[in-house]
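Participant: After the C-alpha coordinates below, expect a handful of questions from me.
The values are calculated or read from the model by the stated rules, or taken from the named source; none is laboratory data. This structure is a prediction, so every number in the text was calculated from the model and none was measured. When we count neighbours, we look across all protein chains shown, and the Cβ atoms used for this are built from the backbone with ideal geometry, even at glycine. SASA here: full protein model, heavy atoms, side chains in, ligands and nucleic acids out. Shrake-Rupley method; radii C 1.70, N 1.55, O 1.52, S 1.80 Å.
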Amino acid sequence: MNILFLFDYPIISNRGGVERVTNLLANQFRMLGHSVIYVASDFETGKSLHESSQFNQFYLSGNEFEKKSKLNEIIKSNNISHIINQSSMANTVRLLNGLKSDRLKVISVLHNRPYAILGMESKYAMLNHPISLRNRLSLYATRVFPLLYRAFVKQRNDKLYQQIIDVSDRFIMLSDKFKYRLLDINNSIKDSSKIDYINNPNTFTSPIFDVKSKENIIIWVGRLYDPQKNTRDFIDVWNIFQKCHPDWEAVIIGDGPHRHILEIYANKKNLKNLSFVGNKTNVEEYYKRAKFLCMTSLYEGWPMTLAESMAYGCVPVLFNTFESAEEIITNNKNGILIPPFKLKFMANAISDLASDENKRIAMSQNAQESIAKYNVEQIVQIWIDKLSSERS
(Lines give C-alpha, C1' and ligand atoms only; values in the text may rest on other atoms or scores of the structure.)
Protein backbone atom coordinates (compact mmCIF):
# COMPACT_ATOMS: atom_id res chain seq x y z
CA MET A 1 0.00 0.00 0.00
CA ASN A 2 1.06 3.59 -0.67
CA ILE A 3 -0.25 5.64 2.24
CA LEU A 4 -0.56 9.42 2.60
CA PHE A 5 -1.09 10.91 6.06
CA LEU A 6 -2.86 14.28 5.83
CA PHE A 7 -2.64 16.70 8.75
CA ASP A 8 -2.90 20.46 9.27
CA TYR A 9 0.71 20.89 10.33
CA PRO A 10 4.03 19.18 9.63
CA ILE A 11 4.44 15.87 11.44
CA ILE A 12 7.14 16.44 14.05
CA SER A 13 7.28 13.44 16.35
CA ASN A 14 8.04 15.32 19.57
CA ARG A 15 5.14 17.75 19.20
CA GLY A 16 1.49 16.89 19.95
CA GLY A 17 -0.20 13.54 20.46
CA VAL A 18 -1.56 13.29 16.91
CA GLU A 19 1.90 13.89 15.49
CA ARG A 20 3.47 11.26 17.78
CA VAL A 21 0.83 8.67 16.90
CA THR A 22 1.09 9.43 13.18
CA ASN A 23 4.86 9.07 13.21
CA LEU A 24 4.65 5.83 15.20
CA LEU A 25 2.08 4.28 12.84
CA ALA A 26 4.01 5.45 9.78
CA ASN A 27 7.24 3.89 11.00
CA GLN A 28 5.46 0.58 11.61
CA PHE A 29 3.83 0.69 8.17
CA ARG A 30 7.26 1.25 6.61
CA MET A 31 8.72 -1.68 8.56
CA LEU A 32 5.98 -3.87 7.07
CA GLY A 33 6.97 -2.79 3.55
CA HIS A 34 4.39 -0.08 2.86
CA SER A 35 5.24 3.33 1.42
CA VAL A 36 4.30 6.34 3.58
CA ILE A 37 4.38 10.09 3.00
CA TYR A 38 3.11 13.07 5.02
CA VAL A 39 1.26 16.11 3.71
CA ALA A 40 0.79 19.28 5.79
CA SER A 41 -2.33 21.04 4.53
CA ASP A 42 -1.89 24.35 6.32
CA PHE A 43 1.85 24.92 6.10
CA GLU A 44 3.05 28.47 6.72
CA THR A 45 5.57 29.30 3.99
CA GLY A 46 7.35 31.71 6.32
CA LYS A 47 8.24 28.91 8.74
CA SER A 48 11.77 27.60 8.45
CA LEU A 49 11.85 24.26 6.66
CA HIS A 50 14.55 22.77 8.89
CA GLU A 51 12.20 23.14 11.83
CA SER A 52 9.57 20.95 10.18
CA SER A 53 11.66 18.74 7.94
CA GLN A 54 10.72 15.08 7.91
CA PHE A 55 11.42 12.22 5.55
CA ASN A 56 8.92 12.26 2.64
CA GLN A 57 6.97 15.25 3.94
CA PHE A 58 5.17 17.63 1.56
CA TYR A 59 3.67 21.05 2.23
CA LEU A 60 0.60 22.69 0.73
CA SER A 61 0.43 26.46 0.48
CA GLY A 62 -1.54 29.07 -1.42
CA ASN A 63 -5.30 29.33 -1.84
CA GLU A 64 -7.68 26.39 -1.64
CA PHE A 65 -7.57 25.70 -5.39
CA GLU A 66 -3.75 25.71 -5.40
CA LYS A 67 -3.62 23.38 -2.40
CA LYS A 68 -6.03 20.92 -3.98
CA SER A 69 -4.08 20.93 -7.25
CA LYS A 70 -0.84 20.29 -5.37
CA LEU A 71 -2.47 17.48 -3.37
CA ASN A 72 -3.70 15.83 -6.58
CA GLU A 73 -0.21 16.08 -8.04
CA ILE A 74 1.32 14.45 -4.92
CA ILE A 75 -1.28 11.65 -5.01
CA LYS A 76 -0.58 10.85 -8.67
CA SER A 77 3.22 11.11 -8.54
CA ASN A 78 3.40 8.84 -5.47
CA ASN A 79 0.72 6.42 -6.69
CA ILE A 80 -1.20 6.82 -3.41
CA SER A 81 -3.75 4.10 -2.65
CA HIS A 82 -4.91 5.30 0.80
CA ILE A 83 -5.23 8.71 2.45
CA ILE A 84 -5.43 8.73 6.25
CA ASN A 85 -6.86 12.12 7.13
CA GLN A 86 -5.70 12.94 10.67
CA SER A 87 -7.50 16.29 10.73
CA SER A 88 -11.25 15.83 10.47
CA MET A 89 -12.02 19.51 10.05
CA ALA A 90 -13.80 21.67 7.48
CA ASN A 91 -10.60 22.72 5.70
CA THR A 92 -9.48 19.15 5.00
CA VAL A 93 -13.03 18.17 4.01
CA ARG A 94 -12.86 20.76 1.25
CA LEU A 95 -9.47 19.46 0.11
CA LEU A 96 -10.73 15.86 0.01
CA ASN A 97 -14.03 16.59 -1.69
CA GLY A 98 -14.23 14.59 -4.90
CA LEU A 99 -10.99 12.66 -4.34
CA LYS A 100 -12.18 9.24 -3.15
CA SER A 101 -12.62 6.65 -5.86
CA ASP A 102 -12.24 2.93 -6.53
CA ARG A 103 -8.51 3.57 -6.91
CA LEU A 104 -8.06 5.91 -3.95
CA LYS A 105 -9.51 5.23 -0.51
CA VAL A 106 -9.96 7.97 2.11
CA ILE A 107 -10.03 7.17 5.83
CA SER A 108 -10.74 10.10 8.16
CA VAL A 109 -9.92 9.96 11.87
CA LEU A 110 -11.60 12.04 14.58
CA HIS A 111 -8.95 12.57 17.24
CA ASN A 112 -11.34 13.98 19.80
CA ARG A 113 -14.60 13.24 21.51
CA PRO A 114 -17.47 13.72 19.03
CA TYR A 115 -19.67 16.67 20.00
CA ALA A 116 -16.88 17.54 22.41
CA ILE A 117 -18.47 20.24 24.60
CA LEU A 118 -22.11 19.16 24.26
CA GLY A 119 -23.45 18.96 27.80
CA MET A 120 -20.73 21.06 29.42
CA GLU A 121 -21.22 24.43 27.75
CA SER A 122 -21.34 26.36 31.03
CA LYS A 123 -17.97 24.99 32.19
CA TYR A 124 -16.56 25.69 28.74
CA ALA A 125 -17.71 29.31 28.96
CA MET A 126 -16.36 29.70 32.50
CA LEU A 127 -12.85 28.70 31.42
CA ASN A 128 -12.76 30.53 28.11
CA HIS A 129 -10.23 33.30 27.42
CA PRO A 130 -11.78 35.00 24.38
CA ILE A 131 -9.49 37.14 22.24
CA SER A 132 -11.28 37.73 18.94
CA LEU A 133 -14.66 39.45 18.62
CA ARG A 134 -16.11 36.24 17.24
CA ASN A 135 -15.02 34.30 20.32
CA ARG A 136 -16.39 36.98 22.63
CA LEU A 137 -19.77 36.86 20.89
CA SER A 138 -19.73 33.07 21.11
CA LEU A 139 -18.98 33.24 24.82
CA TYR A 140 -21.77 35.78 25.34
CA ALA A 141 -24.24 33.53 23.50
CA THR A 142 -23.18 30.55 25.61
CA ARG A 143 -23.92 32.39 28.85
CA VAL A 144 -27.11 34.19 27.85
CA PHE A 145 -28.73 31.60 25.57
CA PRO A 146 -27.31 28.20 26.66
CA LEU A 147 -30.00 26.04 25.02
CA LEU A 148 -29.83 28.02 21.78
CA TYR A 149 -26.05 27.76 21.79
CA ARG A 150 -26.23 24.00 22.40
CA ALA A 151 -28.55 23.63 19.40
CA PHE A 152 -26.14 25.69 17.30
CA VAL A 153 -23.14 23.56 18.35
CA LYS A 154 -25.02 20.35 17.58
CA GLN A 155 -26.16 21.58 14.17
CA ARG A 156 -22.64 22.70 13.26
CA ASN A 157 -21.17 19.33 14.24
CA ASP A 158 -23.98 17.41 12.52
CA LYS A 159 -23.07 19.16 9.28
CA LEU A 160 -19.32 18.64 9.69
CA TYR A 161 -19.56 14.93 10.51
CA GLN A 162 -21.87 14.28 7.57
CA GLN A 163 -19.45 16.10 5.27
CA ILE A 164 -16.56 13.98 6.58
CA ILE A 165 -18.56 10.81 5.96
CA ASP A 166 -19.41 11.98 2.44
CA VAL A 167 -15.76 12.49 1.44
CA SER A 168 -14.48 9.35 3.21
CA ASP A 169 -14.74 5.63 2.75
CA ARG A 170 -14.49 5.18 6.50
CA PHE A 171 -14.81 7.53 9.48
CA ILE A 172 -12.72 6.32 12.42
CA MET A 173 -13.35 7.13 16.08
CA LEU A 174 -10.72 6.42 18.74
CA SER A 175 -13.11 4.33 20.84
CA ASP A 176 -16.22 2.25 20.28
CA LYS A 177 -17.82 4.39 22.98
CA PHE A 178 -17.26 7.46 20.76
CA LYS A 179 -18.87 5.63 17.86
CA TYR A 180 -22.01 5.06 19.92
CA ARG A 181 -21.97 8.63 21.23
CA LEU A 182 -21.91 9.94 17.67
CA LEU A 183 -24.77 7.71 16.57
CA ASP A 184 -26.83 8.38 19.71
CA ILE A 185 -26.62 12.16 19.26
CA ASN A 186 -26.99 12.19 15.49
CA ASN A 187 -29.58 9.70 14.22
CA SER A 188 -29.78 11.32 10.79
CA ILE A 189 -26.38 10.13 9.49
CA LYS A 190 -26.90 8.82 5.97
CA ASP A 191 -24.47 5.90 6.04
CA SER A 192 -23.61 4.78 9.57
CA SER A 193 -21.86 1.66 8.21
CA LYS A 194 -18.87 3.88 7.41
CA ILE A 195 -18.34 4.69 11.10
CA ASP A 196 -15.76 2.53 12.84
CA TYR A 197 -13.15 2.79 15.60
CA ILE A 198 -9.47 2.04 16.23
CA ASN A 199 -7.77 2.79 19.55
CA ASN A 200 -4.56 4.81 19.52
CA PRO A 201 -1.36 2.87 20.23
CA ASN A 202 0.71 3.59 23.29
CA THR A 203 3.80 5.53 22.23
CA PHE A 204 5.93 4.21 25.13
CA THR A 205 6.86 0.65 26.02
CA SER A 206 6.55 -0.03 29.74
CA PRO A 207 10.09 0.08 31.20
CA ILE A 208 11.28 -2.25 33.92
CA PHE A 209 11.89 -0.35 37.15
CA ASP A 210 10.82 -0.44 40.78
CA VAL A 211 7.58 1.54 41.25
CA LYS A 212 8.42 1.69 44.95
CA SER A 213 11.19 4.16 44.06
CA LYS A 214 8.74 6.82 42.90
CA GLU A 215 8.74 10.22 44.59
CA ASN A 216 6.01 12.31 46.18
CA ILE A 217 5.24 14.10 42.93
CA ILE A 218 1.96 14.74 41.09
CA ILE A 219 2.25 15.78 37.45
CA TRP A 220 -0.10 17.44 35.00
CA VAL A 221 0.96 17.11 31.34
CA GLY A 222 -0.47 18.87 28.32
CA ARG A 223 -0.86 22.01 26.30
CA LEU A 224 -1.64 25.04 28.44
CA TYR A 225 -4.75 25.84 26.50
CA ASP A 226 -8.11 26.38 28.14
CA PRO A 227 -10.97 25.64 28.07
CA GLN A 228 -10.20 22.10 26.84
CA LYS A 229 -7.28 21.23 29.10
CA ASN A 230 -8.76 22.95 32.15
CA THR A 231 -5.43 23.44 33.91
CA ARG A 232 -7.06 25.83 36.34
CA ASP A 233 -8.93 23.00 38.07
CA PHE A 234 -5.65 21.15 38.62
CA ILE A 235 -4.24 24.24 40.30
CA ASP A 236 -7.33 24.33 42.54
CA VAL A 237 -7.02 20.61 43.32
CA TRP A 238 -3.39 21.14 44.28
CA ASN A 239 -4.45 24.04 46.53
CA ILE A 240 -6.67 21.62 48.46
CA PHE A 241 -4.22 18.70 48.48
CA GLN A 242 -1.01 20.48 49.47
CA LYS A 243 -2.48 21.86 52.69
CA CYS A 244 -2.44 18.32 54.12
CA HIS A 245 0.65 17.15 52.23
CA PRO A 246 3.31 19.88 52.49
CA ASP A 247 6.08 17.42 51.57
CA TRP A 248 4.62 16.74 48.11
CA GLU A 249 5.42 18.50 44.83
CA ALA A 250 3.26 19.33 41.81
CA VAL A 251 4.71 19.85 38.33
CA ILE A 252 2.86 21.27 35.32
CA ILE A 253 4.60 20.06 32.16
CA GLY A 254 3.78 21.76 28.88
CA ASP A 255 3.40 25.16 27.31
CA GLY A 256 0.75 27.08 25.44
CA PRO A 257 -1.01 30.40 24.92
CA HIS A 258 -2.50 30.51 28.42
CA ARG A 259 0.60 29.74 30.44
CA HIS A 260 1.06 33.32 31.65
CA ILE A 261 -2.61 33.59 32.72
CA LEU A 262 -2.35 30.31 34.62
CA GLU A 263 0.90 31.30 36.32
CA ILE A 264 -0.75 34.51 37.53
CA TYR A 265 -3.74 32.49 38.76
CA ALA A 266 -1.44 30.14 40.70
CA ASN A 267 0.65 33.01 42.13
CA LYS A 268 -2.46 34.76 43.47
CA LYS A 269 -3.23 31.64 45.50
CA ASN A 270 0.30 31.71 46.96
CA LEU A 271 0.72 27.98 46.33
CA LYS A 272 3.75 26.08 47.56
CA ASN A 273 5.73 23.40 45.69
CA LEU A 274 3.97 24.00 42.37
CA SER A 275 6.13 24.61 39.31
CA PHE A 276 5.57 25.27 35.61
CA VAL A 277 8.46 23.66 33.72
CA GLY A 278 7.36 24.17 30.09
CA ASN A 279 7.75 21.64 27.28
CA LYS A 280 10.12 18.77 28.01
CA THR A 281 11.72 16.38 25.53
CA ASN A 282 12.46 14.02 28.43
CA VAL A 283 8.92 13.87 29.83
CA GLU A 284 9.42 10.15 30.53
CA GLU A 285 11.80 11.15 33.35
CA TYR A 286 8.87 12.89 35.05
CA TYR A 287 6.62 9.88 34.41
CA LYS A 288 9.24 7.66 36.02
CA ARG A 289 9.53 9.82 39.15
CA ALA A 290 5.88 10.81 39.70
CA LYS A 291 3.39 8.76 41.68
CA PHE A 292 0.30 10.34 40.12
CA LEU A 293 -0.83 11.89 36.87
CA CYS A 294 -3.73 14.28 37.28
CA MET A 295 -5.96 14.98 34.24
CA THR A 296 -8.63 17.67 34.42
CA SER A 297 -9.63 18.04 30.76
CA LEU A 298 -13.14 18.97 29.69
CA TYR A 299 -12.82 16.46 26.88
CA GLU A 300 -10.23 14.28 25.17
CA GLY A 301 -10.06 11.68 22.44
CA TRP A 302 -7.51 9.05 23.39
CA PRO A 303 -5.05 11.12 25.45
CA MET A 304 -1.46 10.04 24.88
CA THR A 305 -0.30 11.48 28.20
CA LEU A 306 -2.69 9.10 29.97
CA ALA A 307 -1.34 6.00 28.21
CA GLU A 308 2.28 7.16 28.42
CA SER A 309 2.12 7.89 32.15
CA MET A 310 0.49 4.51 32.85
CA ALA A 311 3.32 2.78 30.98
CA TYR A 312 5.63 4.32 33.59
CA GLY A 313 3.46 3.29 36.51
CA CYS A 314 1.92 6.68 37.27
CA VAL A 315 -1.50 6.19 38.80
CA PRO A 316 -3.89 8.37 36.77
CA VAL A 317 -6.57 10.37 38.56
CA LEU A 318 -8.88 12.06 36.08
CA PHE A 319 -12.27 13.60 35.53
CA ASN A 320 -14.62 11.17 33.80
CA THR A 321 -15.43 13.69 31.08
CA PHE A 322 -14.82 11.62 27.94
CA GLU A 323 -16.14 8.16 27.11
CA SER A 324 -12.80 6.54 26.27
CA ALA A 325 -11.66 7.15 29.86
CA GLU A 326 -13.81 4.20 30.95
CA GLU A 327 -12.23 2.05 28.25
CA ILE A 328 -8.70 2.80 29.46
CA ILE A 329 -9.36 3.02 33.20
CA THR A 330 -10.95 0.41 35.45
CA ASN A 331 -11.90 2.55 38.40
CA ASN A 332 -9.90 1.91 41.57
CA LYS A 333 -7.88 -0.82 39.86
CA ASN A 334 -5.48 0.94 37.45
CA GLY A 335 -6.58 4.51 38.08
CA ILE A 336 -9.32 6.65 39.60
CA LEU A 337 -12.22 8.19 37.71
CA ILE A 338 -13.65 11.31 39.34
CA PRO A 339 -17.12 12.78 38.68
CA PRO A 340 -16.62 15.81 36.40
CA PHE A 341 -15.24 18.91 38.07
CA LYS A 342 -15.53 17.65 41.67
CA LEU A 343 -12.36 19.27 42.96
CA LYS A 344 -12.54 18.15 46.60
CA PHE A 345 -13.44 14.64 45.48
CA MET A 346 -10.30 14.53 43.31
CA ALA A 347 -8.04 16.02 45.99
CA ASN A 348 -9.36 13.60 48.62
CA ALA A 349 -9.00 10.59 46.29
CA ILE A 350 -5.34 11.44 45.68
CA SER A 351 -4.83 12.09 49.39
CA ASP A 352 -6.32 8.73 50.39
CA LEU A 353 -4.15 6.84 47.91
CA ALA A 354 -1.06 8.85 48.85
CA SER A 355 -1.56 7.62 52.42
CA ASP A 356 -1.92 3.97 51.37
CA GLU A 357 1.40 3.01 49.79
CA ASN A 358 0.52 -0.66 49.29
CA LYS A 359 -2.62 0.19 47.34
CA ARG A 360 -0.77 2.85 45.35
CA ILE A 361 1.92 0.33 44.35
CA ALA A 362 -0.68 -2.25 43.32
CA MET A 363 -2.51 0.31 41.17
CA SER A 364 0.78 1.47 39.69
CA GLN A 365 1.61 -2.09 38.61
CA ASN A 366 -1.93 -2.59 37.28
CA ALA A 367 -1.59 0.60 35.22
CA GLN A 368 1.56 -0.73 33.55
CA GLU A 369 0.03 -4.12 32.83
CA SER A 370 -3.31 -2.84 31.53
CA ILE A 371 -1.83 -0.40 29.01
CA ALA A 372 0.29 -3.10 27.37
CA LYS A 373 -2.67 -4.30 25.27
CA TYR A 374 -2.44 -1.06 23.28
CA ASN A 375 1.05 -1.83 22.01
CA VAL A 376 1.80 -0.47 18.56
CA GLU A 377 2.21 -3.84 16.83
CA GLN A 378 -1.30 -4.87 17.83
CA ILE A 379 -2.90 -1.57 16.83
CA VAL A 380 -1.02 -1.45 13.51
CA GLN A 381 -2.35 -4.89 12.60
CA ILE A 382 -5.89 -3.57 13.13
CA TRP A 383 -5.04 -0.65 10.84
CA ILE A 384 -3.66 -2.99 8.17
CA ASP A 385 -6.82 -5.10 8.29
CA LYS A 386 -9.05 -2.02 7.95
CA LEU A 387 -6.97 -0.54 5.12
CA SER A 388 -6.82 -3.87 3.28
CA SER A 389 -10.61 -4.17 3.41
CA GLU A 390 -10.86 -0.80 1.62
CA ARG A 391 -8.80 -1.93 -1.38
CA SER A 392 -10.51 -1.82 -4.74
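Participant: Sort out for me the Cα centre separation of the range 55-127 from the range 1-32, rounded to whole Å.
Facilitator: Each part's Cα centre sits 14 Å from the other's.
Participant: OK, next. As a test of reading the structure, rank 229, 268, 243 by solvent-accessible area (1.4 Å probe, protein chains only), most first. Don't skip to the end; give the middle numbers.
Facilitator: Numbers: 229 40, 268 170, 243 145 Å².
Ranked list, largest accessible area first: 268, 243, 229.
Participant: By per-residue mean of other Cβ atoms within 10 Å, what is the highest-first order of 185-191, 298-304, 334-340, 270-276? Kindly include the intermediate steps, with their values, before the conclusion.
Facilitator: Numbers: 185-191: 11.6, 298-304: 24.0, 334-340: 19.9, 270-276: 14.6.
Sorting 185-191, 298-304, 334-340, 270-276 by mean packing, highest first, produces 298-304, 334-340, 270-276, 185-191.
Participant: Compute the signed sum of charges (Lys and Arg +1, Asp and Glu -1) over the other residues within less than 15 Å, Cβ to Cβ, of residue 119. Intermediate results must be reported in sequence, preceding the final value.
Facilitator: Numbers: positive: 113, 123, 150, 154, 177, 181; negative: 121, 184, 300, 323.
Its environment carries a net charge of +2.
Participant: For the range 232-297 and the range 306-359, what is the separation of their Cα centres, given in Å?
Facilitator: The range 232-297 and the range 306-359 have Cα centres separated by 16 Å.
Participant: Please give the per residue accessible area of the range 256-392, computed with a probe of 1.4 Å over protein heavy atoms only, in Å². It would help to have the intermediate numbers written out before the result.
Facilitator: Details: 5900 Å² over 137 residues.
Solvent-accessible surface per residue comes out at 43 Å².
Participant: As a test of the formula, what do you get for the chain when each DSSP H run with n ≥ 4 contributes -39,500 (n - 2.57) and the sum is divided by the residue count, at 222 nm and rounded to the nearest 500 deg cm²/dmol?
Facilitator: Working: 16 runs with 172 residues, N = 392.
It lands at -13000 deg cm²/dmol.
Participant: Classify the chain: rounded, prolate or oblate, from the alpha-carbon gyration tensor (a ≥ b ≥ c, eigenvalue square roots; a/c under 1.5 rounded; otherwise prolate if a/b is larger than b/c)? Each step should come with its number before you reach the end.
Facilitator: On the way: a/c = 1.75, a/b = 1.43, b/c = 1.22.
Because a/c hits 1.5 or more and a/b exceeds b/c, the chain counts as prolate.
Participant: Highest mean first, what order results for 32-38, 221-227 on Cβ atoms within 10 Å? Let's see the in-between values first.
Facilitator: Details: 32-38: 16.4, 221-227: 21.1.
In decreasing order of mean packing, 32-38, 221-227 become 221-227, 32-38.
Participant: Remind me, relative contact order of the range 165-234 in percent, using alpha carbon pairs under 8 angstrom and six or more residues apart?
Facilitator: Working: 42 pairs, mean separation 20.2, N = 70.
For the range 165-234, the relative contact order is 29 percent.
Participant: What's the tally of Lys pairs in the range 182-320 whose alpha-carbon atoms lie under 14 angstrom apart, where the two lysines are 8 or more places apart or on different chains?
Facilitator: Values: 212/288; 212/291; 214/288; 214/291; 243/269; 243/272; 280/288.
Lysine pair count for the range 182-320: 7.
Participant: Also, I was wondering about something else. Net charge near residue 178, counting Lys/Arg +1 and Asp/Glu -1 over other residues with Cβ under 11 Å of its Cβ? Could you put the intermediate results ahead of the total?
Facilitator: Values: positive: 113, 177, 179, 181; negative: 176, 184, 196, 300, 323, 327.
Taking every other residue near residue 178 into account, the sum is -2.
Participant: Give me the percent relative contact order of the chain, please, defined on Cα pairs under 8 angstrom at least 6 residues apart. Intermediate results must be reported in sequence, preceding the final value.
Facilitator: On the way: 662 pairs, mean separation 60.7, N = 392.
15 percent.
Participant: I would also like to ask the following. Under the definition of Cα pairs under 8 Å and six or more residues apart, what whole-number percent is the relative contact order of the range 74-120?
Facilitator: Values: 34 pairs, mean separation 21.9, N = 47.
47 percent.
Participant: I'd like the carbon and sulfur percentage of the solvent accessible area for the chain, probe radius 1.4 Å, heavy atoms only, ligands and nucleic acids excluded. If you can, show how the numbers build up before the last one.
Facilitator: Details: 8660 of 17820 Å².
It is 49 percent, rounded to a whole number.
Participant: Continuing with the same structure: Kindly point out which whole DSSP H helices in the chain project their C-alpha atoms 24 angstrom or further along the helix axis while averaging a Kyte-Doolittle hydropathy of -0.5 or above.
Facilitator: Those that clear 24 Å and a mean of -0.5 are 146-167.
Participant: Sticking with this one: If packing is taken as the average number of other Cβ atoms within 10 Å across a peptide's residues, how do 89-100, 16-27 rank, most packed first? Kindly include the intermediate steps, with their values, before the conclusion.
Facilitator: Details: 89-100: 16.9, 16-27: 20.4.
Taking the mean over residues of other Cβ atoms within 10 Å, the ranking is 16-27, 89-100.
Participant: Counting only pairs 8 or more residues apart or on different chains, how many lysine pairs in the range 71-164 have their Cα atoms under 29 Å apart?
Facilitator: Details: 76/100; 76/105; 100/154; 100/159; 105/154; 105/159; 123/154; 123/159.
Lysine pairs meeting both conditions in the range 71-164 amount to 8.
Participant: What number comes out for the charge environment of residue 200, summing +1 per Lys or Arg and -1 per Asp or Glu over other residues with Cβ under 15 Å away? Please list the in-between numbers first.
Facilitator: Numbers: positive: 20, 113, 177, 179, 373, 386; negative: 19, 176, 196, 300, 308, 323, 327, 377.
Around residue 200, the surrounding residues sum to -2.
Participant: Right, here's the next one. For the chain, with only Lys/Arg (+1) and Asp/Glu (-1) charged at the beta-carbon, what is the dipole magnitude about the Cα centre, in debye rounded to 20?
Facilitator: Working: 49 positive and 40 negative charges, 157 e Å.
Computed about the Cα centre, the dipole is about 760 debye.
Participant: A follow-up question, please. Taking +1 at the Cβ of each Lys and Arg and -1 at the Cβ of each Asp and Glu, which of 264, 211, 244 sits farthest along the dipole of the range 169-290 towards its positive end, judged by Cα position relative to the Cα centre?
Facilitator: Going by the Cα projections, it comes out as 264.
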